[in-house]
Structures are given as structure tokens and as C-alpha cells.
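The block underneath contains the structure these notes are about, expressed in C-alpha cells.
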Protein chains: 2
Amino acid sequence: MMQGLPLRTVTDQRDAMSPKITVELLRQLRQAMKNSKYITEPIQAYIVPSGDAHQSEYIAPCDRRREFICGFNGSAGTAIVTEQHAALWTDGRYFLQASQQMDNNWTLMKMGLKETPSQEDWLISVLPENSKVGVDPWIIAADQWKNMSKALSNAGHSLVAVKDNLIDAIWEDRPPRPSTKLITLGLKYAGLTWQDKVTALRGKMAERKISWFVVTALDEIAWLFNLRGSDIEYNPVFFAYAIIGISSIKLFVDSKRLLHPAVREHLELDSPSKSELTIQCFSYESVYTELQAVCVALAPKEKMWICDKASCALTQVIPKAHRSAIPYTPLCLAKAVKNPTEIQGMKMAHIKDAVALCELFAWLEKEIPKGKVTEISVADKAEELRSQQKDFVGLSFPTISSVGPNGAIIHYRPLPETNRTLSLNEVYLIDSGAQYLDGTTDVTRTVHFGTPSDYEKECFTYVLKGHIAVSAAVFPNGTKGHLLDSFARASLWDSGLDYLHGTGHGVGCFLNVHEGPCGISYKTFADEPLEAGMIVSDEPGYYEDGSFGIRLENVVLVIPAKTKYNYRNRGSLTFEPLTLVPIQLKMINTDLLTQKERDWVNDYHRKCRETVGAELERQARKVALDWLIQETQPIV
Amino acid sequence: MMQGLPLRTVTDQRDAMSPKITVELLRQLRQAMKNSKYITEPIQAYIVPSGDAHQSEYIAPCDRRREFICGFNGSAGTAIVTEQHAALWTDGRYFLQASQQMDNNWTLMKMGLKETPSQEDWLISVLPENSKVGVDPWIIAADQWKNMSKALSNAGHSLVAVKDNLIDAIWEDRPPRPSTKLITLGLKYAGLTWQDKVTALRGKMAERKISWFVVTALDEIAWLFNLRGSDIEYNPVFFAYAIIGISSIKLFVDSKRLLHPAVREHLELDSPSKSELTIQCFSYESVYTELQAVCVALAPKEKMWICDKASCALTQVIPKAHRSAIPYTPLCLAKAVKNPTEIQGMKMAHIKDAVALCELFAWLEKEIPKGKVTEISVADKAEELRSQQKDFVGLSFPTISSVGPNGAIIHYRPLPETNRTLSLNEVYLIDSGAQYLDGTTDVTRTVHFGTPSDYEKECFTYVLKGHIAVSAAVFPNGTKGHLLDSFARASLWDSGLDYLHGTGHGVGCFLNVHEGPCGISYKTFADEPLEAGMIVSDEPGYYEDGSFGIRLENVVLVIPAKTKYNYRNRGSLTFEPLTLVPIQLKMINTDLLTQKERDWVNDYHRKCRETVGAELERQARKVALDWLIQETQPIV
């Protein structure tokens, strides 16, 4: 699934797209903006960002404050309320949805249009002189705070941190912060003990003369400690912070979660082996005061790492002279390069996932002619089939299941009111994935159950050529993923076509389906070089508005490539597909493929047949096996 | 020629690579650093940057201050002298040369190596507490000043602007600043009057509510006023500044240059047609005081553009509240998109250039067996042949003429002590170009006069495939050049090969052979999107150390492409080669080419034969014409 896609919860999906009535809420918020219970001086505007305190891509229900105040539940958007106005900024994917979900107390600010003012410019234009603009410093990133603060003070206003969140203050039935059961991952799944990971991290810190590292990203904490949770839907993470010192480890997490004997044993809470690997546990909320205490005790030249995407609140605790803000943390990098156990797990997870999808497609071929299969029912069936696989935990994102014109809506997710029935006449696109204890999957296939038109086949074939161009690319060590993005587009470009999303994102191992710091996109220039062991998606597409959508996505592993020569001993890399689901031959215009591309397709299908075939046999799934064999015939 | 290559003057070339004795010069400089004649308080370090006051890529002899103080005459490098130390920072291209040209008073700081400290870190490590570091604010760019100043003050030191250049103070026989005769370009060459260019510029200024624009780049001033000079070798520019207001034009240039009637008439100095198009002339040196006067008179909200690469001295004259620093100026953009007259001129210049090169190659085929042709004599012959063409002005850069292993030194230029003789046994690479009144050329061909080895042919063919991949690429409007860079490398990458320079640079029209803001490089992320009318080079290569070098360079014009479809009405672009010099068929392993690539070569050669053939016939150059016909036979 492409990065930057919206996430709606199951509840949301069932909601009608009707505006939320916000008169009373806005009245209460504006009162709170003057209430000395929360603030020392009245504020003239209050900013409600989208994110949580960890800058997570997906958030828990208790953090859906922007949705609460304005009704709009897309994944991206910032609300600002002044004494007179209320406005919401969101991007092109959401103009329609936002306008349907908000009442007329709200002005929709369409980002990306020339006439739309930035939040700063708008604030400056509507605020009285010398205004105070409030924001919860926990849910604004340090760099965002800096920019906003600068713009406002240049115009004579000021940005102030409001400690108590004013939305929480008026949100009567706000759900509690989740505190789900923690899952411990042994060596069998993690490949490395958390102790070894901490030691390796400290090596990196020592190299750069860093004595402390404040870990705020939830997936980094989960990865470091070999723990998983289910606090956020689809993302097996849990709310926590960590502060890693050269000889101490501070973990901030709801203490109830640490009562379970398995967790205590895993973390060696009762019988630590070495003092520098003893975990000191604190409540989630005490990270602020504890970080203050650490900072007070810093020696003059000591430096502390914190990600520049961390919250303003925590970042500002660290005195500037001690603060080293970094765009990617060493944990983010270490997590991205999978170890042999993780790679093996990811391979297994993808084989199981392929079994479920072979079953699904075999089932669809039989069921579709009956006219009862809908976008939603396929999504449900796919989940059911995946859940039959070993170590299944849940989906890795909500299934995108789309027929015909719905497929052209890149961020489509079926709702009861948009739900189309699959037929023999329209292209069907399914983008889905799961979390297994041993790995995370994400796969898109575009198929036709009748006879695709020549144009549909032509477009599909260009997308396939782009997919192969990336998957089969050989490139020197040290190459950044964005340098490969154009390979995915060249065939489409030749015919005047294109797609308006990136080509690939990093994929976690039983972790977030989107992770940094690598990716394949024309937009990403801050990506880190690809390395053997990294795992990314390869998902070019083509979308014909009102008609159909095509996307072809495999998760691929970066591996060393054997080349004829080896310039300056740099070594080369290429990709190995982990996803092993047949690509529908019916959709391919083979005349448009080169011999090399035909060979690639045949090799890929041979591997699908061998690897997934063996597992289908082991699981005695005869129908799916027959389907697999039929779908992996070589093309000539 | 690849951007970032060194420029040595003819004098330099003849110099032996022996160290300059700097004991006395350093003594004098260190005295000047304490001399109250130049500075109010002694400084503990003095920085000598490479550039001139206009951040020119190539500089005039009077601006070669860094070379004067340390002896190293490469194109890139910064010298820093403290009371105890003297150090020079330069990059990998120059480690050998710098070590040969500097005496042991100097420490060579090898940039790009892990153990090499940055200038800031080094200064901080060697300076006594509370030191003052001086630099001439005219030759340090505003953004460089900012970074250096910040680093030093964080460590308790300060960066101070030293008005009098201390190198000039001790440089006894420093050459005077050149003030060459100005050439006026009429509509026939420029396509637009300078008045129309000023009016268009003012339109852009009004659009962005900008009331003044300080023009500091020499090629922008030359382009704006349709004037050329020869103050800097190979670059037809002249030392000047301009300040353009909404209703006034201030030109700062040596007044002697404006005495010529043709120049006075061209600039309408004596009979201006409209008051807002009247040019006020000032001396070159008075730009500082005049800019101060303009700034004093600014209304509260008035904004002034200046490029962020302009000198610190001029930038800081503009109060922050009025300053709008931009990475690329509207003149840089306007200049990059050639108008129809310029395009026609560039085409003509390239045909004439091809005539000279056909003559050269025909001559070489006859002369080489005699064993008397050297790298230097080919370069001289090429210049002689070009100078026979109409409107020839000079070379656009020093010819790179290299045989065998010399070709693998990317920035090679033949010196008497390295000069090799061309033979039937080695690969020969020539990268050369000229300035004509109607355009600028830059072409590289790699040839073999005997029988190339299979390996040489294989490498050449990969480079050719990369060249074609860029030249024939079709891409949407709005695409930035760096997204095309990998196309040039894919074939080399497949075999484990690569080249360590960018693929293309913008080319001026009778202006600098390297210009912004477009280019094709894996390094350039701040490039502007390609537009129809832009002109860039396409020059992949491959270099086998100690053995041979291959590069294949055409200058290409961005043109609209006709495509089968037109996604979202964006339109597509592609390239049309302006360079029309045959690519040596003998060097191609045609088995490695696809049919499309063979067709491209044949189409290209057909165009060379038709277009250049007609001109060769017109010029009655029979031998060259025969050579052209023989070299442009279609491959099958």
C-alpha cells in the first residue's frame, strides 16, 4: 500500500459521510481558550494537529482530536480555531471527504491550491495584533513548532505551549489510551536479543560521542525491546518512551503491562544479568520529569540524540547545547536492515500470505459469476483466509478492495454506500496485507475475471514493465532508492502516462507496514542508501479516472547482485521478490514485453509455483494449488 | 564537459608541477593579520576562498588569491592561515596536484575522507579561546558566511568581515581587474531586446511583490543587457552588477567600457526612449554605497531579491526585513529557457562546430599513422579549425584531449610533461567546445584509430546505451533532470560499472558552458524542472584507471514530445540532439544494442549526414564530407 494513504477504522467505514455538528464543541473550546484553569493568559487561536505524541502515521482513537473537533477523519489535516473562525487544512486526496464531514462552522483550506493560504499566513491575516496562538507541545513536532513560531513572531504574535490539551478538556467520552497486552518475541522471531540490540546501539552512540538517546518512535521501541503490542490498529506497537544511556536503560510504559511473568522474564526485570543492561521502569507519563532529571545531571560536553520529528515538548527539555537532533535515528537504520532470522520470517510470512491469496483468487473465480461477491465481502474473505495461517496476528492495514472506477480512487476503501459487486466486466484491484508473528506482508494484484479490453491490458503491461524494471534493477552499493523511481515510470512515460504516488516504501518485520528510512520515490530526497537486508515495496500503478485502477505490488528484499565487473570494488545490489502471488497473465499484452521481461515473468511464476505450491500441498489446499498451477504457465 | 571540472589557464598548463615557496608570503600575510591599517583588532585566522565576488565558476587572474597564497591552482579549494598553521581543503580530484604544488608550510586537508576535519572543526581545534577569524565578505557567499559564523560563535570565536582583502595587500604584481571591450548583441542573436527582458523581469517581480532585484551573477547581467565581454577566459562575461527596480535600472560597470558609441547606442544611454527604461550608470565599485542608498529609501513592506549565492558583503547591506534570498533568480530561469532566435543560433553554432570536428577527424585519420600527432597538437588543430567558422569568438573551455590512460583522468588536460602521442593502439577522448556569436558548443567523442579491444567496445556500448536512454527519454512536463540520471547508468550498472560524475549540465547561448538551474545528476536535488527550450548536455562515461576513458557527449534541446496518450493533459517532453558529430561505429558492439537503439543511432547519423553534410558542401570541404559519409553508414 502506498505511503501516505488514509486509515479509517472499521467504525468510521460504517459511518455515513454526513457532517458532524460542531457548534457546541466550538463554543466549549473557545471558552477553554480563555479559561485560566488551562492557560495563564487567554489565547486567540488553538491549533489541533493530526498526530500523536510519537508522530505515528496511524493513531489510536484517543488521539483522534482533530477528527473530534471538526468531524473530518482522514489521515492528514490540521484544524485551527480562533475566536471567530474555524478552519481545516488538508490535501487533494481529501477535499471531497472533508467537505462532506464538516459542518458550515468550518472553512476547508485546500492545500496545494495557489489561492490557499498557509496556516501561518491565514493566522496572521485573521488574528488581532499581539495574539497568542496555542498548541499542545506534545503533538507538534519540534521542527514544525520552530517554523510556526518563527512566522508568528515575525508578525508580532507568539506561539505558546498549552500543557493541558484543550480538546481533551472538552472531550467527554474520550477513549482511554490503550494499554494492550505485550507480546514478547524470542530469538526465534527477533534474531537478536534486546540486550544485543542495546549494546549495538551503544556502539553507535560511542562512535559519535553521544551519551544519551531519547527514543520516541513507537516502532523503534518495539523493535529494540523485542516487544509488540496492539495499541494502534494494524500496527503492532505500544505506547512507550525509552531513554538509553551508555550505562542505563529507562523504559516508560504503563506499569500494569509489566506485571505479566513472561514480560518480566523477557526484560529480566527481576534478575538482571548485568547492571548496564538493567531496565529501570517508569510510568509512560513520567518521561518528561525523568528526562529533565537526566538533563540536569549532564556533564558540559555531553550530547543527547533525539529525532527531529520528536515532539516539541520532549525536544525542548534538552538544552540546546546538549541536543543533537537527527533526521533518522540509528535504531531506524538498524531496524531497516533485517537480520537473517527476520529475513527468514518475512519469507515465511509471504509464503503463508500467498497461500491465502491463492485460495482467495481460486474462490473468486468460482463465486464471481454468481453475482454476489462485493468489494467488502472479498476483503472479509481475504481476512478470513489469512487468519487461518500460522502465527496470524491481524491485518497490516485496511484492505483496499476496489472494482472498476473505484480502483481509480487511489486511497479507496469500500464503504457500504460505495460497495460495488465484482463482475466479469470490470478490473478488480486488491491491496492487502497482514501481520504474522514472523513478518508483515503488503501485496497488490489487479485482475480481470472476464476479458480485459486492449487498453486495460496495455496499461497493465506498462505498469508490469515498470515493476520489473525496478525489481530486476542492478545498482551499486550506496545507491539511494529515489534514484530507481524513474525506472518504474519509463514505460508509462513513453506513452504519456504516469501515476501520482511513490513507487515503494520500507516494510517492517512484524511491525509497521510503512517504515523509514529507505523508499523509492521521486519525492524522497532524504532517504538513506539501500543496503542488503532492507525490505521495500515495488508498486507502480496507473489510474484512469472514472474507469479503472491498476497497481502491481510486491514486497522485495535488497540482496547482493553478481555482476560481470565490479567497478572500484563497490559491489552491486538488486532485489529478490518476497511476495509470491501470480501476476494475472490475462492482463498482459506479451507483445509489449521484451524477452528479458518475459523471462522475468516466467522465472517469477516458476518460483511462485515451487515455493507456494509446496506449502499449498503441505496444507492440502488442492483447489488453490490447481489455480496456482494454471496461473503460472510460462508465456512464450 | 562535466560540471565541476578544473580550469587552468594556458600559463598554468605550461608550469611544472613544482611547489610554490610560500615562507615569505605567509610571513607577510600574518603581519597583515595584525596590521591596524587593515583591521581594527588582530585576527587569529584568515580564510581565502576560491571564488570571486560573483561566485563565478571560472575566475579572472586577479581573483586567483588562493592560488597566489598557496600555489595550488585547481578550480576548488579553500585556504586558511592561522598564526601557526596554513591548511588547504580540496576534494579527491586534486589531492595529487595540490600536494605537488604546495610547499611544506601547508597541510593538505583531503575533503571527503572520514578523518579530515571540516574547516570549522579544524579552526576550533587550533585556535586560542575567543579568536577572531577574518574573511573578505565579498568573496564568501551569504549562506557560507552564515554556517561558518554560527559554528565559530558556538565555540566562542567570531567570524569578522575584513574589508581590505589581505591577499591583495601583499600581492605585489597582482594583475588588474580586466575591462575588456563589450560586444553588443542585436535582435539577430539575442531574439529579445534588453528592454523587453527588463520588462518581463519586472512582471515576475510584480507577481511576487518584489520592488528591487540585485543582480550579481555575471552571466545573468550579460544575458539581461544583451552584452558580452571577455573578462574571464572562456566565459564571455564582464565584471558588473545591476540593481533593477520597478521603474529604474542601475548598471555598475567600469565607465570606460561605456564610451564606445555602439555600446551607448545599444543601451540608449544618450537617448532613452522611456524613463523606466533609462539605465543609470555607476562605477563597478560603487554598487555597495548605491545599494545602501536604495535600502535607506525602502518603504516598510518593500522586498528585495538577491540570490543566496551572492556575496555576504552585498547581501548584508539589505536589512533582513526587506531581504528575500532566492536559490535561483528569475533571470537564471529566463536565461535557461532559450527563445526561438537563441535556439536557431545554437543549432547553427553546432553545425559549424560539427564541420570543424569532421575536418579534425578526417585529418587525424591521415596524420596519426605518421606518429607526430599529440594530445596538445590535436587540441591546437581543433581550435584552428573552429576559428575558421563564422562568428567564432573563442573556446568555451580548455580542450580535454587525452590518449589511453590519460583519458581515465576525468579532469585531464594535456601538459607538455604528460603529452602523449596518438596511435593506432589506444583509445582517444576529446572533449571540446567553442563560443560563437550565435551559440556555445560542448561535445565529447571517444574514438579508436586502430582496432579497439572487445572490452573497450563493450564499455563504449554501455555508455552509448546510457546516452541514448537519456536522449530518447520521454517524460512528463514538470520532471526535474535528476530523475533522468539513472537512465544514463542502467546499462553500466547491469555489468557492475558506473561513472563518478553527473550526466548533464545546462549550457548557455554564447554564454557560460555551465549554467543553472537545470541539469541531470544524481547529486542535484535543487534543480528546476526541465522545460521546452532548455538546453543541457548528455554525457555519460566510463573510466578504467590506468587504461582508457570513454565519454560520449551531445548538447541536447528539450522539446515537446508527441505521445500516444496524454495523462491529465500534462504534456510530455523529450530531447533533440543539437550536437551533430558522428559516433564512431567501430567502437560499438552492435550485438549489445536493441533494435530501438540501432534505429536511434541510424536516425542520428542520417541527421548528421544531411545537416552537416549540406554545410560541408557549402563550405566545399570535400575530404571532411567524404569522412562524414563513411562514418554515417547505417548499422544493421
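We did not get these values from a lab; they are worked out from the coordinates using the rules stated. Everything numeric here is computed off the predicted structure, so don't read it as measured data. Heads up, the Cβs are rebuilt from the backbone with ideal geometry, glycines too, and the neighbour counts pull from every protein chain shown.
Data overview
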read-out	value
Shielding by partners - mean other protein chain Cβ count within 10 Å, residues of A:569-581	1
Approximate shape of chain A as ellipsoid semi-axes (Cα gyration tensor, √5λ), whole Å, largest first	41, 31, 23
Shape call, segment B:395-509: gyration tensor on alpha carbons, a/c limit 1.5	oblate
Packing-based exposure ordering (other Cβ within 10 Å, fewest first) of B:ILE80, B:ILE368	B:ILE368, B:ILE80
Amide H within-cut-off set for B:LYS480, under 5 Å, with H built and near neighbours excluded	B:LEU530
Virtual spin-label span in nm between B:ALA321 and B:LYS622, 7 Å along Cα→Cβ	7.8
Length-normalised contact order of chain A in % [C-alpha pairs under 8 Å, at least 6 apart]	11
FRET efficiency, A:SER377 to A:MET17 (Cβ-Cβ, R0 25 Å, nearest 0.05)	0.75
Ratio of Rg to Rh over segment B:139-246 (Cα coordinates, Kirkwood Rh, two decimals)	1.09
Neighbouring partner chain Cβ atoms per residue of B:468-474, average, 10 Å criterion	2
Computed over the protein assembly as shown, Cα set: Rg, Dmax in Å	33.2, 97
Using a Förster distance of 25 Å, the FRET efficiency for A:ASP168-A:GLN84 (Cβ separation, nearest 0.05)	0.60
Per residue, the convex hull volume that the Cα atoms of segment B:274-379 enclose (Å³)	213
Listed pairs B:LYS480/B:LYS562; B:LYS146/B:LYS181; B:LYS338/B:LYS562 exceeding 31 Å between Cα atoms	B:LYS146/B:LYS181
For A:ALA321, net neighbour charge (Lys/Arg +1, Asp/Glu -1) across residues whose Cβ lies under 11 Å away	+3
A:GLU115 paired with B:ASN154, simple spin-label distance in nm, labels 7 Å along Cα-to-beta-carbon	4.5
Value at 222 nm in deg cm²/dmol, rounded to 500, when DSSP H runs of n ≥ 4 in chain A each add -39,500 (n - 2.57)	-9500 deg cm²/dmol
Label-point separation in nm, B:ASP270 to A:PHE95, each point 7 Å along Cα→Cβ	5.9
Rounded, prolate or oblate (a/c below 1.5 giving rounded, otherwise prolate when a/b exceeds b/c) for segment B:191-292 by Cα gyration tensor	rounded
Global form of segment A:418-478, assessed from the alpha-carbon gyration tensor, a/c cut-off 1.5	oblate
Neighbour-count order for B:HIS266, B:HIS260, fewest beta carbons within 10 angstrom listed first	B:HIS260, B:HIS266
15 Å beta-carbon shell around A:TYR455, net charge (K/R +1, D/E -1)	-4
Other-copy label distances relative to A:SER387, 7 angstrom Cα-Cβ extension, nm	8.6
Which of B:ILE559, B:ILE376, B:ILE318 has the fewest Cβ neighbours within 10 Å, and the rest in rising order	B:ILE559, B:ILE376, B:ILE318
For A:VAL427, distant residues with modelled amide H under 5 Å away	A:GLY404
Rounded Å value of the spacing that divides the Cα centres of segment A:226-241 and segment A:451-520	30
Distance from segment A:53-82 to segment B:558-636 (C-alpha centre basis), Å	57
